[in-house]
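The values are calculated or read from the model by the stated rules, or taken from the named source; none is laboratory data. Just so you know, these numbers come straight off a predicted model, no measurement behind them. Cβ sites come from the backbone with ideal geometry, for glycine too, and all protein chains shown count toward neighbours.
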Amino acid sequence: MLRCAILDDYQRVALSMADWTRLAGRVDVTVFHEHFGSEDELVDALQPFAIVVAMRERTAFPAAVLERLPHLRLLVTTGMRNAAIDVEAARRRGIVVAGTRGRSEHTVELTWALILAWARHIVRENEAFRTGGPWQQTVGVDLHGKRLGIVGLGRIGSRVARVGLAFGMDVVAWSPHLTPERAAEAGVRPVAKDELFATSDFVTIHLVLGPTTRGLVGAADLRRMRPTAFLVNTSRGPIVDSAALVRALREGWIAGAGLDVYDVEPLPRDHVLRTLPNVLGTPHLGYVTEATYRQFYGDVVEDIEAFLEGRPIRLVPAD
């Protein structure tokens, strides 16, 4: 019987989100709920396992880790893209890297949760409500008529745009390869990157992390933003220059940031972003919904079954 490790099941729900009995008698499943703090801890724990299930990019599998897991035969990631896995290195070692279908509605919804929370100062007002603080202490921002700047107009960005249009916002977009035709399909106006950052009341990022997008939003972009504007990032932390963002928040270049993603996750307890009053942070919850988890883990079971039975499997591309 092959041993399977499910990693980073923070909410302790993995076994309830799919029918794992389909693997009974063939696979022995062990669930790890806590994140491993180092590569050595990870490697030591995974030595006996032939199958490993990774939840998104919570745990990295670079070549150096894969080389130390001689028994690993199948690595399944939720989603079909995982920048934390060296797929080429895995294939050189004969490790199959499989994925699952994904969804996008969840990230769109969290993006708007962060925007709305900042626009109406929900966190501050709720804290005052619970502690007996001042009754009404902030003045909200009307979304109607404000400009929403979307960096990346793909599957998620275009859905974010539709909600902005429904709110009556002036929606503009930029990405390195955005065409006028694509912008027209989404019902938004394409603008230059400098104009987007300089004129938007809310800037939200929806790009895939890669060599060309790492650090794409830097100090110059943040300096162009209005001191009343907000930055929202539910994509990937390294797309924004972290040091520049901290400085922008400390020095008031922008009014605040809504963040769901970070350079390092989990974010260290003493990280400066946890201390800044103009940061509204969530612990990478964009994809953490029941419907998404059921699809993820259901597809994981299917992938493992296909692997065991020699059937075609959802292979993660090496890009």
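Counting the residues of region 238-261 that are surrounded by fewer than 21 Cβ atoms within 10 Å (Cβ to Cβ) and either more than 20 Å from Arg124 (Cα to Cα) or touching a Gly at 6+ places or on another chain (Cβ under 6 Å) (or both) gives 9.
Within region 262-319, restricting attention to residues that are without any contact (Cβ under 8 Å) to a residue 40 or more places away in the chain and within 24 Å of Ala63 (Cα to Cα), the residue that is surrounded by the most Cβ atoms within 10 Å (Cβ to Cβ) is Tyr262. Of everything in region 74-106 that's assigned to a loop (DSSP other than H, G, I, E, B), in contact with a helix residue (DSSP H, G or I) (Cβ under 8 Å, 6 or more places away or on another chain) and charged (D, E, K, R), which residue is surrounded by the most Cβ atoms within 10 Å (Cβ to Cβ)? Residue satisfying both the conditions and the ranking: Asp86. Could you tell me whether region 133-149 includes any residue that is in a strand (DSSP E or B), assigned by TED's automatic domain parsing to the domain that holds Asp9 and either of a type outside the set (Lys, Arg) or without any contact (Cβ under 8 Å) to a residue 40 or more places away in the chain (or both)? No, every residue in region 133-149 fails to be in a strand (DSSP E or B), assigned by TED's automatic domain parsing to the domain that holds Asp9 and either of a type outside the set (Lys, Arg) or without any contact (Cβ under 8 Å) to a residue 40 or more places away in the chain (or both).
For region 117-136, taking the residues that are among the polar types (S, T, N, Q) and under 29 Å from Leu165 (Cα atoms), the one that is surrounded by the fewest Cβ atoms within 10 Å (Cβ to Cβ) is identified as Gln136. Taken over region 41-64, the criterion of being aliphatic (A, V, I, L, M) and within 28 Å of Glu309 (Cβ to Cβ) is satisfied by Ala45, Leu46, Ala50, Ile51, Val52, Val53, Ala54, Met55. Contact map, region 225-254: residues that are at positive phi paired with residues that are at pLDDT 95 or above and surrounded by fewer than 18 Cβ atoms within 10 Å (Cβ to Cβ), Cβ distance under 7 Å, separation 6+ or inter-chain. Pairs shown: Gly252/Pro227.
Every residue, every condition in (1) exposed (fewer than 14 other Cβ atoms within 10 Å of the Cβ); (2) not assigned by TED's automatic domain parsing to the domain that holds Phe167; (3) not in a helix (DSSP H, G or I), yes or no:
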site	(1), (2), (3)
Gly37	yes, yes, yes
Asp44	yes, yes, no
Arg58	no, yes, yes
Ala64	yes, yes, no
Arg68	no, yes, yes
Trp112	no, no, no
Ile115	no, no, no
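Looking at region 179-223, which of the residues that are acidic (Asp, Glu) and under 22 Å from Thr107 (Cα atoms) is surrounded by the fewest Cβ atoms within 10 Å (Cβ to Cβ)? Looking at the filtered set, the residue picked out is Glu185.
Between Ile85, Ile115, Ile150, which is over 20 Å from Gly281 (Cα atoms) and among the β-branched types (Val, Ile, Thr)?
Details: Ile115 fails: over 20 Å from Gly281 (Cα atoms); Ile150 fails: over 20 Å from Gly281 (Cα atoms).
Answer to the check: Ile85.
Residue count for region 8-35 under the criterion of being surrounded by fewer than 14 Cβ atoms within 10 Å (Cβ to Cβ) and within 21 Å of the chain's Cα centre (by Cα): the result is 4.
Can you spot a residue in region 156-166 that is in a loop (DSSP other than H, G, I, E, B) and more than 20 Å from Asn233 (Cβ to Cβ)?
Narrowing region 156-166 to residues in a loop (DSSP other than H, G, I, E, B): none.
For region 156-166, residues in a loop (DSSP other than H, G, I, E, B) and more than 20 Å from Asn233 (Cβ to Cβ): absent.
Out of Ala5, Ala18, I need the residue that is in contact (Cβ under 8 Å) with a residue 60 or more places away in the chain and closer than 18 Å to Val76 by Cβ. Which one?
Numbers: Ala5 fails: in contact (Cβ under 8 Å) with a residue 60 or more places away in the chain.
Just a single option satisfies the conditions, and that option is Ala18.
Filtering region 95-104 for residues that are in contact (Cβ under 8 Å) with a residue 40 or more places away in the chain and polar (S, T, N, Q) leaves a non-empty set.
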